[in-house]
1. Between SER80 and ALA44, what length in nm is gained on full extension when 0.36 nm per residue of separation is reduced by their alpha carbon distance?
2. Obtain the nm distance between the two label points defined at THR52 and ALA70 by a simple spin-label model: each point lies 7 Å from its Cα along the Cα-to-C-beta direction.
3. Taking 0.36 nm per residue of separation and subtracting the Cα-Cα distance, what length does fully extending PHE111 through THR34 add?
4. Compute the projected area of the convex hull of the Cα atoms of region 35-83, averaged over all viewing directions, and report it in nm² to one decimal place.
5. Grab the Cα-Cα distance for PHE92 and ASP60, subtract it from 0.36 nm times how many residues apart they are, and report the gain in nm with one decimal.
6. Taking amide H atoms as placed 1.01 Å from N in the peptide plane, list the residues 5 or more away in sequence, or in a different chain, whose amide H sits under 5 Å from that of THR134.
7. Would you mind computing, in nm to one decimal, how far apart the modelled labels at ALA174 and SER126 are, each placed 7 Å from Cα along Cα→Cβ?
8. Around ARG156, under 9 Å between beta carbons, what's the net of Lys plus Arg minus Asp minus Glu among the other residues?
Amino acid sequence: MPVAPVRALVCLVPILLASPSALATTLHVEVQVTAGPVIIGSYAPLFSTGETIRIRYSYDDAVADGNPLAGQGSFADAVSWLRVDFPGSGLFLEFGAPGSSILANDNSGSFTDTFSVSSTNRVDSSLFNGDTPTTLTVTFGDTVVPGPPVLVVNDRPAPPPFSFLSGNLAFGSALNNVFIDFGAGTGALPVPEPACSALAALGLAAGGMARRRRG
């Protein structure tokens, strides 16, 4: 097989996995938000209001709810990957499985829907004041009164695309921490990198030409 179609296939694999129609139950989510005015904790001087925050995570939507209570969902080890980047400073955190879960609160008819993606399994990260964080939690929330469920339906977090009104992220170690709030945004399927998209198109075109020559 020509090199271009092979490399294009590599690029297409994550796109197929991200598609709602893919057979896999793993969902990939990407969120870009702006840091709000509330930044507190010992890491706080490293961040500033208005800076961009990029949040990405992958989770298995087929994991069963481990909380029997109505209105509450607990999905242990459902998250395979969780990463937060601060493009302006180059700081980042990357966490993974096991020890990564989702907690959901379906408060329809009361006040808000919320769900949190969290992990205690650090894979890699920048140093924050010379320290390596050991926990990371990202929370999304939305008002549901009046109206139908928004972010959580049947105790499960809404799959992408979804919209939220506010949220926050918190991470730290036993000695240091930070809490950063952020405003409204959208959780969407990740967009393929431009280079990867171009390579995929080139590979498909090369594969078509090869079929025509054989024909």
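Any read-out appearing in this document is the output of simple, stated calculations on the displayed coordinates, not a laboratory observation. What you see is a predicted model; the values in this text were computed from it and never measured. Don't worry about glycine lacking a Cβ; one is built from the backbone with ideal geometry, like all the others, and counts go over all protein chains shown.
1. Computed gain between SER80 and ALA44 is 10.2 nm.
2. A separation of 4.5 nm, rounded to one decimal place.
3. That pair, PHE111 and THR34, stretches by 25.3 nm at full extension.
4. Working: hull surface 21.6 nm².
Its average projected convex-hull area is 5.4 nm².
5. Numbers: separation 32, 0.36 × 32 = 11.52 nm, distance 2.32 nm.
Between PHE92 and ASP60, full extension yields an extra 9.2 nm.
6. Those lying under 5 Å, H to H, from THR134 are GLY172, SER173.
7. In this crude spin-label approximation the distance works out to 2.6 nm.
8. -4
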